[in-house]
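Novice: Sharing a structure, written as structure tokens. Questions coming.
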Amino acid sequence: MNFEAIKSIYAFEMARTRRTLLQSIVSPVITTSLYFIVFGAAIGSRMQEVQGVPYGAFIAPGLIMLTLLNQCIGNGSFGIYFPKFTGTIYEILSSPISMLEIVIGYVGAAATKGLIVGTIILITASLFVDISIKHPVMMVLFFVLTAVSFSLFGFMIGIWAKDFEQLNIFPMLIIPPLVFLGGSFYSIDMLPPFWQAVSHFNPVLYLVSGFRWSFFEIADVNPVVSLVTVLGFLVVCLSITAWIFKTGYKLKN
């Protein structure tokens, strides 16, 4: 294992975050604060509790997950797309670095940045509502697995994308609707039976539900099923990434 190569890629990607603190850190915090002001004050005043949890606290895990997914996908995709865009990807591919080391460097940095922002959002949320974490180990497990899985997913998007428009399709047009419709701001038990069944086809529901369970012990889906879903998604992403490097898909041409 070439740890020096991993360290170099990781350090380079982390340095980019320090150069864009306004976009990377300040913007998500302001956005989350606005969510709490709008949803917590406007809707929370009319909907006091959901499944015995104050509404402002109920939406906190969903907001954290929304930020985490966007950050991990965005950082993971841009990190590998930019070398493709500038042509420096060929220097990386021709150097004595294995596929595993490249993935660890880029995905590790993207996941780290997502976890840092997610932690800041959690702290920000605690300033607005009372948050108790009843299962901290499960919370950290969901937190880390989700960050790694979606950073890897973003890495795949960065390889697939041929321009900046395609690069922004998932974080801008697909992930937010899935999060909003995945029980982030409501319990799917509040929906009619048909739409409850439809919601179970939304993969983000399992992430939000499992993550919320670690806070309040309430969930729309069995937390074990949620954990297995996250692990399954991670395995799928690893398999596709291995195939990409094996075949050279959109890397060799």
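Rundown of residues vs (1) under 24 Å from PHE142 (Cα atoms); (2) touching a helix residue (DSSP H, G or I) at 6+ places or on another chain (Cβ under 7 Å); (3) touching a residue at least 40 places away in the same chain (Cβ under 8 Å); (4) of a type in the set (Phe, Trp, Tyr), yes/no style:
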{"site": "ILE174", "(1), (2), (3), (4)": "yes, no, no, no"}
{"site": "SER184", "(1), (2), (3), (4)": "yes, yes, yes, no"}
{"site": "ILE188", "(1), (2), (3), (4)": "yes, yes, no, no"}
{"site": "PRO192", "(1), (2), (3), (4)": "no, no, no, no"}
{"site": "ALA197", "(1), (2), (3), (4)": "yes, no, no, no"}
{"site": "HIS200", "(1), (2), (3), (4)": "yes, no, no, no"}
{"site": "LEU205", "(1), (2), (3), (4)": "yes, yes, no, no"}
{"site": "PHE216", "(1), (2), (3), (4)": "yes, no, yes, yes"}
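Novice: Regarding VAL148, is this residue farther than 15 Å from LEU63 by Cα, of a type in the set (Val, Ile, Thr), in a helix (DSSP H, G or I) and modelled with pLDDT of 90 or more?
Specialist: yes
Novice: Test ILE30 against the criterion of being touching a Phe, Trp or Tyr at 6+ places or on another chain (Cβ under 9 Å) and more than 14 Å from SER184 (Cβ to Cβ), and give yes or no.
Specialist: In short, no.
Novice: Here is a follow-up. Could you check THR17 against (1) loosely packed, with under 13 Cβ neighbours inside 10 Å; (2) in a helix (DSSP H, G or I); (3) touching a residue at least 40 places away in the same chain (Cβ under 8 Å); (4) not acidic (Asp, Glu) and say which number it fails?
Specialist: Checking THR17 against (1) loosely packed, with under 13 Cβ neighbours inside 10 Å; (2) in a helix (DSSP H, G or I); (3) touching a residue at least 40 places away in the same chain (Cβ under 8 Å); (4) not acidic (Asp, Glu), the one that fails is (1).
Novice: From the list VAL29, VAL107, VAL137, pick out the single residue that is modelled with pLDDT of 90 or more, surrounded by fewer than 23 Cβ atoms within 10 Å (Cβ to Cβ), of a type in the set (Val, Ile, Thr) and touching a helix residue (DSSP H, G or I) at 6+ places or on another chain (Cβ under 9 Å).
Specialist: Result of the check over VAL29, VAL107, VAL137: VAL137.
Novice: Could I ask something else about it? Just one of (1) modelled with pLDDT under 90; (2) assigned to a helix (DSSP H, G or I) trips up SER184, so point out which.
Specialist: So SER184 meets the others, but not (2).
Novice: Can you pull out the residues in the range 198-212 that are polar (S, T, N, Q) and closer than 11 Å to SER184 by Cβ? Please lay out each step first, then the result.
Specialist: Narrowing the range 198-212 to residues polar (S, T, N, Q): 199, 202, 209.
Of everything in the range 198-212, those that are polar (S, T, N, Q) and closer than 11 Å to SER184 by Cβ turn out to be ASN202, SER209.
Novice: In the range 42-96, which helices (runs of 4 or more DSSP H) lie fully inside it and hold 1 or more residues that are at pLDDT 85 or above and of a type in the set (A, V, I, L, M, F, W, C)?
Specialist: 55-58, 60-86
Novice: Which pairs do you get when a residue that is among the small types (Gly, Ala, Ser), found in the range 223-238, comes within reach of a residue that is surrounded by 15 or more Cβ atoms within 10 Å (Cβ to Cβ), reach meaning Cβ atoms under 6 angstrom, with the pair 6+ apart or on two chains?
Specialist: Going by the 6 Å Cβ cut-off, the qualifying pairs are SER226/TYR206; SER226/SER209; SER226/GLY210.
The values are calculated or read from the model by the stated rules, or taken from the named source; none is laboratory data. If you're wondering where the values come from, they're calculated on a predicted model, not measured in any experiment. Counting neighbours? That spans all protein chains shown, and the Cβs are built from the backbone with ideal geometry, glycine included.
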